[in-house]
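One structure below.
The values are calculated or read from the model by the stated rules, or taken from the named source; none is laboratory data. Bear in mind the structure is a predicted one, so any value in this text is a computation, not a measurement. Note: ideal-geometry Cβ built from the backbone for every residue, glycine included; neighbour counts use all protein chains shown. For accessibility, only protein heavy atoms count, side chains too; no ligands or nucleic acids. Shrake-Rupley method; radii C 1.70, N 1.55, O 1.52, S 1.80 Å.
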Amino acid sequence: MTIGRMENVEVFTAEGKGRGLKATKEFWAADVIFAERAYSAVVFDSLVNFVCHTCFKRQEKLHRCGQCKFAHYCDRTCQKDAWLNHKNECSAIKRYGKVPNENIRLAARIMWRVEREGTGLTEGCLVSVDDLQNHVEHFGEEEQKELRVDVDTFLQYWPPQSQQFSMQYISHIFGVINCNGFTLSDQRGLQAVGVGIFPNLGLVNHDCWPNCTVIFNNGKIELRALGKISEGEELTVSYIDFLNVSEERKRQLKKQYYFDCTCEHCQKKLKDDLFLGVKDNPKPSQEVVKEMIQFSKDTLEKIDKARSEGLYHEVVKLCRECLQKQEPVFADTNIYMLRILSIVSEVLSYLQAFEEASDYARRMVDGELYHQQCPLGMGVMRAGLTNWHAGNIEVGHGMILQKYIRDQHVLGACHHCLQYICVPQAMRVQTEMELRMFRQNEFMYYKMREAALNNQPMQVMAEPSNEPAPALFHKKQ
């Protein structure tokens, strides 16, 4: 499950928070503090036929398990790697006669692993699944009802020959999934495709202005530093999107994670006025602003649904329509506009509509209010990459250079981590070289770029001249 570097952290009691993790050494931006594979993970119900159940990559063609006809894999290698976790699931599905939902499947996979390995700590693990928070005692009436349904369904699905667990333990596992489940993304990072339990990650506490971020990379999560972290400093991540007003963040955290956020940003409501900024001239009425916020929320829900189904052209359509309505009302710093700009630039880049994506990316950077050590810098970097891919080499290089200079200012020009932060130095050198080529011979630059994009050898045609154009049809001699 764990793939090393747990010596970099230790468990401690954080004041007012319970357990937490703190650094045992100094870290710098982009350093991997630890990496961890899932204790157990499953693909979302809606994507079981489109995503590999082992590596969570979305593929056009997948191999299906010949026995249960449910699990799908990239190839024989992924299928072989999955057998330890799928073996019990395979026979249970055949016996049950249907496939239960993702919550039931994940709970079952967790308990099959507990059955195999016991409830104690596994190698490299700082906490057992038994000791993770479940917050079942904080469940409301509706959540308790859903829990009872899940437990009943689980008992029907769970094979009688497997180890039998108490109702209290089964409820604990469902509680752990509810408040410790981590969303897994596909290889593009565009789509949420599954959910998994990572016990060590579950020990990292929340902060709206965190010093770490989590990346899902090739089947494992990586906890990376966002800036300098001193030895003994608590490690924190943001459980939710920081791009929200303080009251909404606090509401989400209370509902999903059952605690009241007391961070400085929530207590002082920092940046709330900018997050909800509106146009000054003419200034819209409060009623118009209220209606536009609701429209934006409704559109974001539609976008999430379209993304989950892989309907990326529909996502772009929804974003364009939303931006058109937002522009006369919202200021450039408004969180609802920034969210739409971020999504549309990301999806258009994936669709290789780089020119349009670069326009949206520039607007996003102009209005961004992200975390000073990561999202803002990453937004500038992403906009630079988008413009570079679009062929706007001068703009792209300028933004990448801006990110590089900014990192030097924050981290120190000679520090080793400059080579790791999205590889800015390598990108700066590459774009600088391309920019020189562009200025020396624009025509040659675009021919080389076209060949590289098409993964083909460059075929240089003659540059346009003042000679008459050749005839369209070949004449017989």
**OP:** Taking only region 330-346 into account, find how many residues are open to solvent by less than 10 Å² (accessible area, probe 1.4 Å) and at pLDDT 85 or above.
**Re:** 8
Original post:
In region 284-302, how many are assigned to a loop (DSSP other than H, G, I, E, B) and of a type in the set (Ser, Thr, Tyr)?
Top reply: 1
Subject >> Spans of strands (runs of 3 or more DSSP E) in region 150-267 with at least 3 residues modelled with pLDDT under 90 >> reply: 181-185, 212-217, 220-225
Subject >> Among (1) free of Cβ contacts under 8 Å to residues at least 24 places away in the same chain; (2) surrounded by fewer than 21 Cβ atoms within 10 Å (Cβ to Cβ); (3) of a type in the set (Ser, Thr, Tyr); (4) closer than 24 Å to ARG307 by Cα, the one test that TYR73 misses >> reply: (2)
**OP:** Report whether or not ARG64 is of a type in the set (D, E, K, R), touching a residue at least 60 places away in the same chain (Cβ under 8 Å) and open to solvent by 60 Å² or more (accessible area, probe 1.4 Å).
**Re:** no
Original post:
For region 1-30, how many residues meet the condition of being open to solvent by less than 30 Å² (accessible area, probe 1.4 Å), touching a Lys or Arg at 6+ places or on another chain (Cβ under 9 Å) and not β-branched (Val, Ile, Thr)?
Top reply: 5
Subject >> Failed item in (1) buried (at least 18 other Cβ atoms within 10 Å of the Cβ); (2) part of a loop (DSSP other than H, G, I, E, B), with ASN103 passing the rest >> reply: (2)
Original post:
Restricting attention to region 229-268, and to residues there that are of a type in the set (Gly, Ala, Ser) and touching a Cys at 6+ places or on another chain (Cβ under 8 Å), which single residue is least open to solvent (accessible area, probe 1.4 Å)?
Top reply: SER246
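Every residue, every condition in (1) open to solvent by less than 10 Å² (accessible area, probe 1.4 Å); (2) over 23 Å from ALA92 (Cβ atoms); (3) out of contact with any Pro (no Cβ under 8 Å at 6 or more places or on another chain), yes or no:
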{"position": "VAL149", "(1), (2), (3)": "no, no, yes"}
{"position": "ASP152", "(1), (2), (3)": "no, no, yes"}
{"position": "ILE173", "(1), (2), (3)": "yes, no, yes"}
{"position": "VAL176", "(1), (2), (3)": "yes, no, yes"}
{"position": "GLY181", "(1), (2), (3)": "no, no, yes"}
{"position": "GLY202", "(1), (2), (3)": "no, yes, yes"}
{"position": "HIS206", "(1), (2), (3)": "no, yes, yes"}
{"position": "VAL214", "(1), (2), (3)": "no, yes, yes"}
**OP:** Look through region 303-329, keep the residues that are outside any helix (DSSP H, G or I) and among the acidic types (Asp, Glu), and return whichever of them is surrounded by the most Cβ atoms within 10 Å (Cβ to Cβ).
**Re:** GLU309
Subject >> Odd one out for ARG307 among (1) of a type in the set (D, E, K, R); (2) outside the structural domain of GLN133 (by the TED database); (3) over 19 Å from the mean Cα position of the chain (by Cα) >> reply: (3)
**OP:** Taking GLY120 as the residue in question, decide whether it is surrounded by fewer than 18 Cβ atoms within 10 Å (Cβ to Cβ) and closer than 21 Å to PHE216 by Cα.
**Re:** no
